[in-house]
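Data block below; observations after.
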Amino acid sequence: MSRSQNYFADGHPIVLVVDDNPAIRDMVSWALELDGYEPAEAAEGYEALAWMDNAAREGRYPDVILLDLAMPGMDGSAFLQQLRTQWEAAHPLPSIVVITAGVTDADPASLGVDQVIVKPFHVRDLLNVIRKLTTHSMA
């Protein structure tokens, strides 16, 4: 999987949080900001695709996408399929971490993602995964 090498102008890697639960988006974004990341949020797949389109126009590519699978509107699986169709040809795909309550034994490779984290999760564990995935950006 390709990795985005572009991040926010001040050197903070961008992490896009895509989850329909506002409490999870807020908690994760707060933790990301405290840990030196630039969080961006979307409540479902269509909003996330719109954010990605705007980011591409601005040259702001996320290093990691945190993605819930079960969302109203466009769910995480449909978002992934659309992202790969629209984005991969023109831009390197960022690392993708699925955050889900519904799939406890999901294999990241079968989903085509870098990591699967099951809700409920500890923010510390999520940040550890993000740090490993963004080490190249912060070096």
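Derivation of every value follows stated rules applied to the coordinates shown; laboratory data play no part. Given the structure is predicted, the values throughout are model-derived calculations rather than measurements. When we count neighbours, we look across all protein chains shown, and the Cβ atoms used for this are built from the backbone with ideal geometry, even at glycine.
Side notes on the structure shown:
- Cα centre as origin, Lys/Arg/Asp/Glu Cβ charges: the chain dipole, Debye: 340 debye
- Every pair of different Cα atoms in the chain enters the Kirkwood calculation, which places the hydrodynamic radius at 14.7 Å.
- Put simply, when 46-57, 121-132 are sorted by average Cβ atoms within 10 angstrom per residue, most first, you get 46-57, 121-132.
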